[in-house]
Amino acid sequence: MDEGDVAAGDDLARRPHVDHHDHMRRTSLVHAKAHLSELVDLAEHKGRPVLILRHGKPAAAIVPLSMVHAAETSGPPPLTTDEELEAFWAGFGRGDQQSAVEDLVRGRRPWGER
């Protein structure tokens, strides 16, 4: 992140929260709470996503709306009609009509046997 991303002298500009491999800024939840406005500005005006970490693990992200719209419009269209759903499930076949639990119980070895 360069200092042009936020106001000069801002503590946010001096913090090393960028992973240069995936180009997504990473910040702790505590830091994000204190600097939410600046992080939203980065996403909204600069198009830069921000990954928010809780206890060092990814928990949420602030992303530009363009990324959200792209994710919503990509991929296959959802199955919407009853006919499409029936055709989808028909592709799995009827199976042997046995209970999965019964099948697991039959396959178990007697207690203590290895």
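Extending 7 Å from the Cα toward the beta-carbon at both residue 85 and residue 57 defines two label points whose distance is 3.4 nm.
Around the amide H of residue 24, modelled in the peptide plane, lie the amide H atoms of 19, all under 5 Å away and 5 or more residues distant in sequence or on another chain. Note on the range 25-100: Cα-only Rg and Dmax are 20.9, 59 Å.
No value in this document is a laboratory result; all are computed from the given coordinates. Note that this is a predicted model, so its numbers are computed, not measured. Positions of Cβ are backbone-derived with ideal geometry, glycine not excepted, and every protein chain shown enters the neighbour counts.
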